[in-house]
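Notes for the one structure printed next.
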Amino acid sequence: VFEYVEVAPLLRSLLTEYLEERGIPYAIASRHCCRLNYGVRGKRYFAVGFPNMAGGYEVRSRYFKGCIPPKSVSLVKANDIPADECLVFEGFMDFLSAVTLGVTGNADCLVLNSVANVEKAAGLLDGYGRIGCFLDRDEAGRRTLGALLARYGGRVSNCSGIYDGCKDLNEHLQRVLAERQAQSENEKKNKSIRL
């Protein structure tokens with residue numbers, strides 16, 4: 001049970017270092033996440049918090065993954081005006097990865113925060129003409145995609161092809177960044193050889 005939960009701005013810290021290791025830059029993390037300070041059995045902890053629509057938070061740190069209830073979905077609107085497209089993510093790391101990769105465009109984004117929340121998502125998705133799914137490439141992700149296809153049919157598209165060979169969008173982001181880093185180091189090496 002979480003005790004004495006405090007919500008604070010996400011400033012540069014061990015938490016933002018953890019997110020940067022996962023490929024999420026501070027500028028994006030600080031826009032969508034907060035810092036949670038909380039107690040458990042008399043001990044104090046801190047973690048990254050991602051708010052949901054019911055007033056709860058997804059909680060992440062290098063050592064902990066959980067939720068301050070109530071558990072619910074998170075809807076991130078692109079603009080004040082309703083969008084025609086909504087992108088669906090299993091967890092907020094994948095949502096932050098999509099923002100980092102620049103694939104969200106002008107779409108609203110719905111983060112399930114658990115595939116068990118697919119029913120809670122259903123009503124929220126009714127008004128969208130297009131629904132792009134960036135779900136994990138595993139059994140739970142396939143079942144969730146199936147449930148959305150059964151309800152929305154041709155409005156749903158499976159976008160997981162862009163991270164083929166990876167479990168999820170965050171793993172893909174980390175791979176892309178590692179490849180860029182290696183390419184940059186090779187270019188520097190080649191440049192110094194030419195000099």
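The values are calculated or read from the model by the stated rules, or taken from the named source; none is laboratory data. What you are looking at is a predicted structure, and each value in this text was computed from that prediction instead of being measured. Ideal geometry is used to build each Cβ from the backbone, glycine not excepted, and the neighbour counts take in all protein chains shown. When the accessible area is computed, the model is the full protein with side chains, heavy atoms only, and any ligands, DNA or RNA have been set aside. Shrake-Rupley method; radii C 1.70, N 1.55, O 1.52, S 1.80 Å.
For the structure I just gave you, tell me whether ALA98 is open to solvent by less than 10 Å² (accessible area, probe 1.4 Å) and modelled with pLDDT under 95. Answer is no for this residue.
Please determine, by comparing only the residues of region 17-37 that are closer than 30 Å to GLN181 by Cβ and not in a helix (DSSP H, G or I), which one is farthest from the chain's Cα centre (by Cα).
Of everything passing the filter in region 17-37, ARG35 is farthest from the chain's Cα centre (by Cα).
Among the residues making up region 38-82, those that are more than 18 Å from MET93 (Cα to Cα), open to solvent by 30 Å² or more (accessible area, probe 1.4 Å), assigned to a strand (DSSP E or B) and not β-branched (Val, Ile, Thr) are LYS43, ARG44, TYR45.
You will find that of GLY127, GLY146, GLY123, the residue that is open to solvent by 10 Å² or more (accessible area, probe 1.4 Å), modelled with pLDDT under 95 and assigned to a helix (DSSP H, G or I) is GLY123 and no other.
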